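Structure first, commentary second.
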């Protein structure tokens, strides 16, 4: 079993990005260390469907909101554990590897800012940034947690190309966002407002409720069977 076969056996979705193809922009944002190794393996791990499907109920049910928040962080731990196994496999094969977990950092790297694992998944061609600024895949929508493995293993044959958005004219997440933090623009840097999103969530905290929302994650038709028919 080779490295990518092993990664696929553990993850729900994965892909390879050739960082040398985008070295200039990556170094500008994150610094030289982000390109310490030429390849990045993006690892995607599904959050539990039975928890995600309760998100519309979490606005009035604090117990369900707490369960969703716990799953949000638990999925981070699970994808990190998967990545650590893959890193060990790569090192045992005689190559170097570094895990960037959901925090986007690693002790071995000195980065200007934490790395966005959404970037490696997009550059690997397995997903795009939606209007909600979440990494979205055709298979699972945005219902995934991500990590990145940097390596010098020879993976050029597996490297993908940056994926364009498939959101198109869809405005389902725009209309569903309770904080009005998403607008209908193609560039997620313009369509999504982290300030409005944060204000809505902090408003829940001021009400004594759990810091949870997730409506855009729940309702995206690429992950939601109920809304998927609206894409057609």
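Any read-out appearing in this document is the output of simple, stated calculations on the displayed coordinates, not a laboratory observation. Just so it is clear, the model here is predicted, and its values are computed rather than measured. As a convention, Cβ positions derive from the backbone with ideal geometry for all residues, glycine included, and neighbour counts pool all protein chains shown.
Numbers at a glance
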item: Inter-part distance where region 62-137 and region 153-170 are each reduced to a Cα centre, Å; result: 17 Å
item: GNM top mover of 92, 152, 132 - the chain, alpha-carbon springs below 10 Å; result: 92
item: Sequence ranges 135-145, 209-219, ranked by mean other-Cβ count within 10 angstrom, highest first; result: 135-145, 209-219
item: Extension gain, residue 74 back to residue 49 (0.36 nm per residue minus Cα-Cα distance, nm); result: 7.7 nm
item: Angle between the chain longest axis and helix 62-92 axis [Cα atoms, degrees, rounded to 10]; result: 10 degrees
item: Theoretical gain in end-to-end length, residue 108 to residue 169 [0.36 nm per residue, Cα-Cα removed]; result: 17.8 nm
item: Tilt relative to the chain, helix 194-206 - C-alpha long axis, 0 to 90 degrees, to 10; result: 60 degrees
item: Estimated 222 nm signal from helices in the chain, with DSSP H stretches of n ≥ 4 weighted -39500 (n - 2.57), rounded to 500; result: -11000 deg cm²/dmol
item: Length gained when the stretch residue 84-residue 6 is fully extended (0.36 nm per residue, less Cα-Cα span); result: 26.9 nm
